[in-house]
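Engineer: Below is one structure. I have some questions about it.
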Amino acid sequence: MDADGRNELQIHVKGQRIVACLINEVSKQFISPDLATTTQECLTLALERSLQFYCRCFGKTEQQGRSDLFEIEVGELCKGEICVIPLSDAKTQSHWRCKNGKTHETRSSLKWVYDKNREHCDPNCKGLENEILLLKPNDQHFVQLARQIGIGDFHDFFIHLGMAKSDYDNLNFRYFSNPMDFMLMGLFEWKNKADIKSTATFEKLLLQALTAIGLEHYLCHVRLVHLHSVFVVYGHHTF
């Protein structure tokens, strides 16, 4: 099913395992942590209640919690198959080595359990991955960036994007009464000009411009979403 305009949710049942997969049309780096976490929470709650119902049908009423009903693993696609590790291990490791001999970072897989109330990066955050820095931001990214940056910092940011003061003044004249439209139209104008030079990427201008005004970690909260994917796997115990 379509999770939204750019993400597809697939659910596969393999024996006693349920495999949920989010696939983004561009890159797994664009899969929204909010989308992944909300999807996981809904699936987990539905599965938990279903299994509790069957437990009661079988006369087992002493189940203490989720850990008694099923286990959760997370991972991603690797050489045509899924590579997963227990969620508890993913939370304590920055990467793992799979049976195919490839090293996977847990960063993407942990989007399934993202803290949606977190407003700031962890102290050890290293910013965006190299893979995403080469990608081009879309309109949805611009909307979220405008909400993050605010009108107070936008002037310096806009100039550091390589835009002229006259561009800023013209935008201000047309959209001064609506700050959000003002910032969005400014970002769209930059993108149109930068696309001509193939420089409208996260790395070339957005990251550099935000770094110049000391707000580079704003992009960590802007990232949202052919076959790049992350998985969450549910395996229930035998009753």
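Just so it is clear, none of the values below were taken in a lab; they were calculated from the coordinates. Predicted model only: the values in this text are computed from it and were never measured. Note: ideal-geometry Cβ built from the backbone for every residue, glycine included; neighbour counts use all protein chains shown.
Engineer: Which entries in Lys99/Lys136; Lys14/Lys79; Lys91/Lys111; Lys165/Lys191; Lys165/Lys197; Lys102/Lys136 show an alpha-carbon gap greater than 22 Å?
Structural biologist: Lys99/Lys136; Lys102/Lys136
Engineer: Could you check the simple spin-label distance between Gln93 and Tyr175, using points 7 Å along Cα→Cβ, in nm with one decimal?
Structural biologist: 4.6 nm
Engineer: Moving on to the next point. Sticking with the crude label model, points 7 Å out along Cα→Cβ, report the distance from Glu105 to Asp34 in nm, one decimal please.
Structural biologist: 2.2 nm
Engineer: What are the ³J(HN,Hα) values, in whole Hz, obtained from phi via the Karplus relation 6.51 cos²θ - 1.76 cosθ + 1.60 with θ = phi - 60°, for each residue of region 80-86 in sequence order, with x given for Gly and Pro?
Structural biologist: x, 9, 8, 10, 9, 9, x
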